[in-house]
1. As an exercise: evaluate A:Thr101 against (1) touching a Leu at 6+ places or on another chain (Cβ under 7 Å); (2) under 15 Å from A:Leu44 (Cα atoms); (3) open to solvent by 10 Å² or more (accessible area, probe 1.4 Å); (4) not acidic (Asp, Glu) and give the number of the one condition it does not meet.
2. For A:Thr106, all conditions in the list (1) out of contact with any helix residue (DSSP H, G or I) (no Cβ under 9 Å at 6 or more places or on another chain); (2) farther than 13 Å from A:Glu20 by Cα hold save one; what is the number of the exception?
3. Which condition does B:Ser82 not pass, out of (1) in contact (Cβ under 8 Å) with a residue 60 or more places away in the chain; (2) open to solvent by 50 Å² or more (accessible area, probe 1.4 Å), if it passes all the others?
4. Anything in segment B:70-101 that is over 19 Å from B:Leu43 (Cα atoms) and touching a Cys at 6+ places or on another chain (Cβ under 8 Å)? List them, or say none.
5. Can you report the number of residues in segment B:63-112 which are basic (Lys, Arg) and away from chain A (no Cβ under 14 Å)?
6. Please state which one of A:Ser73, A:Ser80 is over 11 Å from the mean Cα position of the chain (by Cα) and touching a residue at least 24 places away in the same chain (Cβ under 8 Å).
7. Any chance segment B:5-16 includes a residue that's more than 11 Å from chain A (Cβ to nearest Cβ), open to solvent by 50 Å² or more (accessible area, probe 1.4 Å) and not in a strand (DSSP E or B)?
8. If you go through segment A:64-84 one residue at a time, do you hit one that is at positive phi and more than 14 Å from chain B (Cβ to nearest Cβ)?
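The values are calculated or read from the model by the stated rules, or taken from the named source; none is laboratory data. This is a predicted model, so every value here is computed, not measured. Virtual Cβ from ideal backbone geometry, glycine too; neighbours counted across all protein chains shown. Accessible surface is based on the protein model in full, side chains and every heavy atom, while ligands, DNA and RNA are left aside. Shrake-Rupley method; radii C 1.70, N 1.55, O 1.52, S 1.80 Å.
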Amino acid sequence: AQSVTQLDSQVPVFEEAPVELRCNYSSSVSVYLFWYVQYPNQGLQLLLKYLSGSTLVKGINGFEAEFNKSQTSFHLRKPSVHISDTAEYFCAVAFGNEKLTFGTGTRLTIIP
Amino acid sequence: EAQVTQNPRYLITVTGKKLTVTCSQNMNHEYMSWYRQDPGLGLRQIYYSMNVEVTDKGDVPEGYKVSRKEKRNFPLILESPSPNQTSLYFCASSFYTGGGYTFGSGTRLTVV
């Protein structure tokens with residue numbers, strides 16, 4: 001069965017510390033991988049995506065993610081977080097067609 | 001400005017009273033989709049459309065209808081809303097597989 005798992009529902013991090021938000025998926029077909037961010041009371045904004053090629057992809061706001069095919073993971077990282085990064089982050093996977101499946105989200109809280 | 005427009009932003013209705021949430025995109029996208037967002041469940045796909053007159057069920061289609069008579073519009077219809085359809089709804093569109101969806105601002109629906 002095709003699925004997307006975000007292992008952490010909440011992640012508290014001190015300001016200027018690094019962060020990693022984890023995402024794993026299960027699929028028997030080729031996939032496209034995405035990370036979206038949702039700021040409070042707003043819609044979703046695309047952070048970055050992996051379609052093919054280099055497994056390390058860079059996105060907006062200093063975020064990057066690495067595709068690991070053997071571990072079926074697509075973890076999101078940022079070397080130094082800011083208060084403005086407080087938001088909910090969603091991993092999403094397109095399995096074959098355009099059916100985009102989302103994980104349950106990780107709420108990132110930055111501690112001053 | 002390229003965008004996905006949903007209306008209304010907020011809606012309170014009573015059980016059984018038919019309603020329609022409109023969605024329109026001005027990017028000539030072929031793919032459109034509806035999601036509902038509930039706490040702890042992330043975003044779940046209700047219906048999606050790969051082109052005009054082509055629609056398919058997502059993960060939670062029960063109680064919803066859609067139509068795609070024009071490329072730009074993809075309304076979501078609740079024929080007989082029930083309290084368990086109280087949720088935050090997002091419409092999204094994409095030009096091609098892997099493009100990443102552009103999301104609307106959301107519609108917060110309350111059914112009493």
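1. Result: A:Thr101 fails condition (1) only.
2. Only one criterion is unmet by A:Thr106, namely (2).
3. Status for B:Ser82: all satisfied but (2).
4. Within segment B:70-101, just B:Asn73 meets the criteria.
5. As a first pass, look at segment B:63-112 and keep what is basic (Lys, Arg): B:65, B:68-69, B:71-72, B:108.
Subsequent filtering for residues that are away from chain A (no Cβ under 14 Å) retains B:65, B:69, B:71-72.
Matching residues across segment B:63-112 total 4.
6. Working: A:Ser73 fails: over 11 Å from the mean Cα position of the chain (by Cα).
Selected residue: A:Ser80, the only one of A:Ser73, A:Ser80 that is over 11 Å from the mean Cα position of the chain (by Cα) and touching a residue at least 24 places away in the same chain (Cβ under 8 Å).
7. yes
8. As a first pass, look at segment A:64-84 and keep what is at positive phi: A:72.
In the following step, the residues that additionally are more than 14 Å from chain B (Cβ to nearest Cβ) were identified as A:72.
The answer is yes; a qualifying residue exists.
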